[in-house]
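The values are calculated or read from the model by the stated rules, or taken from the named source; none is laboratory data. Model, not experiment: these values are computed from the prediction. Please note: Cβ atoms are built from the backbone with ideal geometry, for glycine as well, and neighbour counts cover all protein chains shown.
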Ligand SMILES: [Zn+2]
Ligand SMILES: [Zn+2]
């Protein structure tokens, strides 16, 4: 099953040095989940050959402009391009009022339905689930209410050992039950042991998205053991006081989070405009957590 994330923006606050503010596109089993939607997100999707029309779910972490100012443009374009299937938006409650005001004054009546889910920023909870993935909120510590999102794959059905099934002439209509892990008692008294004909599916993986936040151990529990952690790393650690003031994290701290929660891989992003190049931020994080990568525009990471 595909489970990967493509980075559409890596900048904090403003677009600069060919870096866009935050947005990411998660592909889980060929269903597409947009995480944050900064200004320029549409252009980034086009640039990297990704289809906005395939997005059915949008998750917005908080209402600072560098995380959602691209939303109205994207929603309008989908309308103009003839979208009719519903679109789900998981975001702070006020997003509905903000968008409806813009639609009202532009006399826009969307051809498709927008389904809003108002995130409760006070508690970590599962806000979405389908056959592929579940999404749990992560309560971050920022200047305004801000939630991250942890995407966890659903456990897949067991894998059939087709050759063995055919060799023993097991009826094909029993395959679905075997996939679910059931042992089968046949009318003739024989038992088909599941373990003889199937193997376990891969362990489900998880992707935790943390932006923007102060370094705060309160959210560590909800991201513990994640496979890939995206964590903001706005500053180098020499700017720790500025990071605290603005409720952001340094590259060193992001790496400490990854190490503390036992993540397998760390992606860092949300870089301040004071950094023209990013290698120092990467090097700093790698002193603590070697498996760190820069989450920069156009890169796709397997979770
Ligand atoms: Zn931000
Ligand atoms: Zn922010």
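Residues in segment 64-96 that are touching a helix residue (DSSP H, G or I) at 6+ places or on another chain (Cβ under 8 Å) and closer than 21 Å to residue 271 by Cβ: 2 in all. Assess whether residue 281 counts as being within 16 Å of ligand 1 (Cβ to nearest atom), farther than 27 Å from residue 49 by Cβ, at pLDDT 95 or above and surrounded by fewer than 24 Cβ atoms within 10 Å (Cβ to Cβ). Taking the combined requirement at face value, the residue does not satisfy it.
When residue 177 is tested against the conditions (1) modelled with pLDDT of 95 or more; (2) surrounded by fewer than 16 Cβ atoms within 10 Å (Cβ to Cβ), the lone failure is (1). For residue 112, the conditions (1) part of a loop (DSSP other than H, G, I, E, B); (2) within 23 Å of residue 270 (Cβ to Cβ); (3) touching a strand residue (DSSP E or B) at 6+ places or on another chain (Cβ under 7 Å) all hold with the exception of (2).
Counting the residues of segment 17-54 that are farther than 23 Å from residue 208 by Cβ, in contact (Cβ under 8 Å) with a residue 60 or more places away in the chain and either in contact with a helix residue (DSSP H, G or I) (Cβ under 8 Å, 6 or more places away or on another chain) or within 16 Å of ligand 2 (Cβ to nearest atom) (or both) gives 0. A single entry from 143, 158 fulfils the requirement of being over 18 Å from the mean Cα position of the chain (by Cα) and within 16 Å of ligand 2 (Cβ to nearest atom): 143. Within segment 121-137, the set of residues being part of a loop (DSSP other than H, G, I, E, B) and within 18 Å of residue 226 (Cα to Cα) comprises 124, 125, 132.
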